[in-house]
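**Q** For reference, the structure I am asking about is given below.
A short reminder: the numbers here are calculations on the coordinates, not readings from a lab. Computed from a prediction, not measured in an experiment: that's the story for all the values here. FYI the Cβ positions are ideal-geometry reconstructions off the backbone, even for glycines, and counts take in every protein chain you see.
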Amino acid sequence: MRKELLPGVEAENNAAAKNAKQAKTSQLNNFKNYVKSQLPELEQALIQVSSLSEQLKAILVKQDLDELWRLSEQVDGLEDIRTELKLPPKPKVLGRFEEKYREYRDQYVVLAEMAESVRREWAFETERLNAKPAIDVVKNRFASSQSSLSDQLVRWRRSIMDMLVSEQARITSAVQDDQKEFYKKVSPLLFDVEEGRVPLTAALSEIDDVRAQLSESFSARYEAYKRSLEQISNGIDLDGAFAYVGARTETLEGRLEKIQSLAQVGISVEILSHELHVLDRRLQTSLDRLPVDIKQSKEYAEANWARQELVERLRFLSQMQVSGNDIRQRITGEKVEEYLRAFFSSSFDDLKISLKVSKKFRSVGFFEYPSRIFPVFINLINNSLYWLPADNEKVIEIDIIDGSIVVCDNGPGIDTDDIGNLFELFFTRRVRGRGVGLYLCRQTLAAGGHKISYVNEKPWKLLSGACFVITLRNGFDA
């Protein structure tokens, strides 16, 4: 019995997967079409709100109370503009369309901020100049808001009713066509039985099979449709729910792939690290055997310096995981600064980067494995080096704020949509980036009970760019 049911279950799963893929594609296409169609409207709205702002400024210069009051209708309409241009739920992956989406999103943020600024200024000046009695202003806003909401609801009702009428006609037509399916498939069998070409048992079996197949097909189509309508009638946002489930599914599937990829990365790093250390020992042995006069040459010094730099990078790579030889020791902010300045000395000089470290950070201390702390700072500084602007003053600052370590730079910062993925494995916006560094930073610190996060708020945001906060489990020692 179980074997007989398995093909049906597999078919249902395949159908569900196909429907999910179609729904995902449909949602993505609808989102793209919305952005493309509304972008010109958004640009026009920006011009409109900017013009309204200029009108308001001119009226205030003239102190024309009548003109200020006549502007109320346009000011009240700003909320309608903002609502109509709001983005629908965003699919998790947009591919090449990401840039167009961000263009729309950023312009929408500007529009919303400008509209809110105009609304606040108009309300403030209307009250300050006593353009109208307060009760008249409130009554006017009450009436315009009521009218706006009613118009909005009427538009939605009309649109939904049109869709329902169209859908009712489609369902009626589909049912009528499906009602003919059984007859079309089975009616020829009647003639075969009548002519004696098909035995009774075979005919009955075929009728039952066709009925079962059609019943299953119709059930999958119409029961699913009915369930969807029931969900909608219960107030469930299917579009939003699907967007969440789809994004969650993609995230989990992506994590599984990343874990598999990380295993390969780990194996590759171990092999590469071992081979490079072997080669380093061979190179050092060969350099030691060179004649004394060659060892005293400038070329030898440069070659040996390059080898030492390579070894230093290898030590950093090996420190990303706590080794058995590592011991917990007292680490001070001063030691961290010395380590960073030594490690990045040439980069700081070549790129003209200023590393500012506060006295408060230099003076703090805590006990931890160096391999758990130093690589985190190396990674944060290395990311800053990549993103800091080439033509402006470049600053990286380290300080202590509210008992936590803060590392900031004056680069472009992190895009709002990327903050949630910042510590995800293999997530990166760098050209040829691997997306491993910040993930390993969080995992390495978490192994010791510490936390790292990205912040955009004062007082932690010391500079205009990216800002990370490291909170130690036991804080600093006395």
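**Q** Which value in nm describes the separation of the simple spin-label points at Y300 and S50, placed 7 Å from the Cα toward the beta carbon?
**A** Once both label points are built, they end up 6.8 nm from each other.
**Q** Quick one: net charge of S173's neighbours, Cβ under 13 Å, K/R +1, D/E -1?
**A** -1
**Q** Within the range 203-234, list the residues whose amide N lies under 14 Å from a label point set 7 Å along Cα→Cβ of D192.
**A** Correct set: 203-211.
**Q** Once both labels are modelled 7 Å past Cα along the beta-carbon direction, what's the N130-E393 spacing in nm?
**A** That separation, rounded to one decimal, is 4.9 nm.
**Q** Return the equivalent ellipsoid semi-axes of the range 352-437 as a descending list in whole Å, where each equals the square root of 5 times an eigenvalue of the C-alpha gyration tensor.
**A** On the way: eigenvalues 106, 66, 30 Å².
Working from the Cα gyration tensor, I get semi-axes of 23, 18, 12 Å.
**Q** Treat each spin label as a single point 7 Å out from the Cα along the C-beta direction, and report the D177 to E99 distance in nm.
**A** Rounded to a tenth, the inter-label distance reads 4.2 nm.
**Q** Using Cα pairs under 8 angstrom and six or more residues apart, how large is the relative contact order of the chain, in percent? Please list the in-between numbers first.
**A** Numbers: 366 pairs, mean separation 44.3, N = 478.
9 percent.
**Q** Also, I was wondering about something else. Can you give the Kirkwood hydrodynamic radius of the range 29-187 from its Cα pairs, in Å with one decimal? It would help to have the intermediate numbers written out before the result.
**A** Working: mean 1/r = 0.0515 Å⁻¹.
Hydrodynamic radius (Kirkwood, Cα pairs) of the range 29-187 is 19.4 Å.
**Q** Something else about it: Over 19 Å between Cα atoms, which of K100/K394; K298/K352; K352/K458; K21/K92 qualify?
**A** Numbers: K100/K394 29 Å; K298/K352 26 Å; K352/K458 27 Å; K21/K92 14 Å.
Flagged as over cut-off: K100/K394; K298/K352; K352/K458.
**Q** OK, next. Grab the beta carbon distance between S347 and I207, set R0 = 56 Å, and tell me the FRET efficiency rounded to 0.05. Mind dumping the intermediate values first?
**A** Working: r = 80 Å, r/R0 = 1.44.
Once the sixth-power term is evaluated, E becomes 0.10.
**Q** For the chain, can you list the cysteines whose C-beta has no other cysteine C-beta under 4.7 Å from it?
**A** Lacking a cysteine Cβ partner under 4.7 Å: C441.
**Q** When a footprinting reagent is the concern and you count Cβ atoms within 10 Å, what order do R82, R170 take, fewest first? Please report the intermediate quantities before stating the final value.
**A** Working: R82 18, R170 10.
Arranged by neighbour count, lowest to highest, R82, R170 become R170, R82.
**Q** Using a cut-off of 10 Å between beta-carbons, work out the net charge of the residues near L214 (Lys and Arg +1, Asp and Glu -1, L214 not included).
**A** Working: positive: K185, R211; negative: D178, E181, D209, E216.
That works out to -2.
**Q** May I ask you to derive the FRET efficiency for S37 and E216 from their Cβ-Cβ distance with R0 = 41 Å, giving the value to the nearest 0.05? The partial results should precede the final answer.
**A** Details: r = 40 Å, r/R0 = 0.97.
Efficiency, from the Cβ-Cβ distance: 0.55.
**Q** Hey, another quick one. Using the Cα atoms of the chain, I'd like the radius of gyration and the largest Cα-Cα distance, Dmax, both in angstrom.
**A** Using the Cα atoms of the chain, the pair Rg, Dmax is 33.8, 111 Å.
**Q** Moving to a separate point now. R170 to K451: extension gain in nm, 0.36 nm per residue of separation minus the Cα-Cα distance?
**A** 95.6 nm
**Q** Only residues of the range 60-83 count here: report those whose backbone N is under 17 Å from the spot 7 Å along Cα→Cβ of A123, or say none.
**A** Only 69, 71-83 fall inside the zone, counting backbone N under 17 Å.
**Q** Taking a label point 7 Å from the Cα of E113 along the Cα→Cβ vector, which residues of the range 375-413 have an amide N closer than 11 Å to it?
**A** none
**Q** Still on this structure, I have one more. Full extension from R432 to L290: what is 0.36 nm times the residue separation minus their Cα-Cα distance, to one decimal in nm?
**A** 47.3 nm
**Q** In addition: What are the trypsin sites (Lys or Arg not before Pro) within the range 393-478 that DSSP puts in a loop, where the Cβ has at most 16 other Cβ atoms within 10 Å?
**A** Working: sites: K394, R429, R430, R432, R434, R442, K451, K461, R473; in loops: R429, R430, R432, R434, K461, R473.
The qualifying sites are R429, R430, R432, R434, R473.
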